[in-house]
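**Q** Take a look at this one; I'll ask things after.
The values are calculated or read from the model by the stated rules, or taken from the named source; none is laboratory data. Small disclaimer: the values here were computed from a predicted structure and weren't measured. Every residue, glycine as well, gets a Cβ built from its backbone with ideal geometry; the counts of neighbours run over all protein chains shown.
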Amino acid sequence: MDSLLADLLRLICLERLELNLFRGESRDIGSPQVFGGQVLGQALMAATGTVTDRVVHSLHAYFLRRGDFNAPIVYEVDRSRDGRSFSSRRVVAIQHGQQIFHMSASFQADELGPDHQAAAPQVTPPEELTDLATEVRRYLPDMAAERRRFWSLERPFEFRSVEPLASGEPRPGVRHLWFRLTDRCPDDQTLHRCLLAYMSDYHLLETATLPHGLSYRAGEVTLASIDHGMWFHRPVDINDWLLYALESPSSSGSRGFATGSIFDRQGRLVASTVQEGLMRVRGAE
């Protein structure tokens with residue numbers, strides 16, 4: 001297995017301290033604080049560790065404080081309810097004695113019922129697109145220092161953008177990205193959903209900058225997640241290409257709002273996301 005992917009799996013898989021208490025390592029991915037997707041994925045893994053024979057179908061999370069990537073994070077799980085079909089959990093993430101994040105998640109036993117979905121968008125397949133990191137690195141000399149470091153680091157996954165990179169001109173707040181792991185991980189649905197939660201935090205809020213022609217890459221705007229919602233509709237295969245269809249219907253009050261639909265290669269809608277975050281123009285802060 002690729003060493004970067006192996007490290008990501010170690011990051012997601014937590015140390016159990018007590019029955020409902022877990023500890024996770026942190027990683028520096030080139031951002032000023034712990035990556036929000038890391039906390040999402042780890043919190044979901046902690047909650048899943050207290051549930052039997054059920055998989056997550058939704059989560060709702062708030063980011064309360066900036067995390068320190070030089071220190072581990074402790075996750076405390078509250079077993080709110082175990083019903084006949086559903087289980088509910090609440091997770092609090094603690095670092096340096098303070099809450100930095102909390103999340104509610106719901107789990108369901110397998111059940112059959114009516115099935116429908118929106119059609120997947122018709123876009124260029126990933127094989128005809130270039131790696132997003134390779135494209136962005138052409139602009140490294142012009143980037144703000146913190147973004148330059150972020151894009152310089154290698155990842156265990158890749159994104160490929162259907163639309164050209166933002167040019168700095170206002171355009172509709174719509175974007176499509178293919179993504180997948182760079183190597184195969186074990187076929188475990190719990191792991192795949194936790195990894196999808198991790199990766200779902202990439203590029204989502206940036207979509208809200210597009211109608212304003214603001215460049216996050218150039219450091220023109222500060223972005224920080226406030227909350228994140230996610231629904232898992234169907235089984236996920238994180239080893240194959242997934243299409244992230246992103247849209248930002250609104251921004252106001254220095255907050256950007258974006259939604260995402262995640263489709264697999266067969267066009268099945270496997271998950272949906274929604275996020276609101278701080279979107280503050282540099283110089284106006």
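**Q** Among the residues that make up region 258-274, is at least one of them touching a residue at least 12 places away in the same chain (Cβ under 8 Å), more than 19 Å from H176 (Cβ to Cβ), within 14 Å of the chain's Cα centre (by Cα) and outside any loop (DSSP other than H, G, I, E, B)?
**A** no
**Q** Yes or no: R89 surrounded by fewer than 16 Cβ atoms within 10 Å (Cβ to Cβ) and modelled with pLDDT of 95 or more?
**A** No; evaluated as a whole, the condition is false for this residue.
**Q** Given the conditions (1) part of a loop (DSSP other than H, G, I, E, B); (2) without any contact (Cβ under 8 Å) to a residue 24 or more places away in the chain; (3) of a type in the set (V, I, T), report the number of the one that V123 does not fulfil.
**A** (2)
**Q** If the requirement is being under 17 Å from H228 (Cα atoms), hydrophobic (A, V, I, L, M, F, W, C) and either in contact with a helix residue (DSSP H, G or I) (Cβ under 7 Å, 6 or more places away or on another chain) or touching a residue at least 40 places away in the same chain (Cβ under 8 Å) (or both), which of these qualifies: V55, V74, V51, V91?
**A** The unique qualifying residue is V91.
**Q** Which condition does A218 not pass, out of (1) small (G, A, S); (2) assigned to a loop (DSSP other than H, G, I, E, B); (3) free of Cβ contacts under 8 Å to residues at least 60 places away in the same chain, if it passes all the others?
**A** In the conditions (1) small (G, A, S); (2) assigned to a loop (DSSP other than H, G, I, E, B); (3) free of Cβ contacts under 8 Å to residues at least 60 places away in the same chain, A218 misses (3) alone.
**Q** Considering only residues that are surrounded by 15 or more Cβ atoms within 10 Å (Cβ to Cβ) and in a loop (DSSP other than H, G, I, E, B), look in region 14-26 and name the one that is nearest to the chain's Cα centre (by Cα).
**A** Here the answer is S26.
**Q** Among the residues of region 135-162 satisfying the criterion of being within 20 Å of the chain's Cα centre (by Cα) and part of a loop (DSSP other than H, G, I, E, B), which is farthest from L11 (Cα to Cα)?
**A** Ranking the qualifying residues of region 135-162, first place goes to V162.
**Q** Moving on to the next point. Return the pairs, sorted by first residue and then second, in which the second residue is hydroxyl-bearing (S, T, Y) and assigned to a helix (DSSP H, G or I), the first residue lies in region 31-45 and is closer than 13 Å to L9 by Cα, the beta carbons are less than 6 Å apart, and the residues are 6+ apart or on different chains.
**A** Once the first residue is closer than 13 Å to L9 by Cα and sits in region 31-45, its partners that are hydroxyl-bearing (S, T, Y) and assigned to a helix (DSSP H, G or I) give G41/Y198.
**Q** I'd like the residue in region 232-257 that is assigned to a strand (DSSP E or B) and charged (D, E, K, R) and, out of all such residues, is nearest to L112 (Cα to Cα).
**A** If we take residues in region 232-257 being assigned to a strand (DSSP E or B) and charged (D, E, K, R), then E247 is nearest to L112 (Cα to Cα).
**Q** Inspect all residues belonging to region 184-205 and state whether any of them is closer than 30 Å to L112 by Cα and small (G, A, S).
**A** yes
**Q** What number goes with the only condition from (1) over 23 Å from S272 (Cα atoms); (2) in contact (Cβ under 8 Å) with a residue 24 or more places away in the chain; (3) in contact with a strand residue (DSSP E or B) (Cβ under 8 Å, 6 or more places away or on another chain) that S85 does not pass?
**A** (1)
**Q** Anything in region 58-79 that is more than 21 Å from E276 (Cβ to Cβ) and assigned to a strand (DSSP E or B)? List them, or say none.
**A** Residues satisfying the conditions are I73, V74, Y75, E76, V77, D78, R79.
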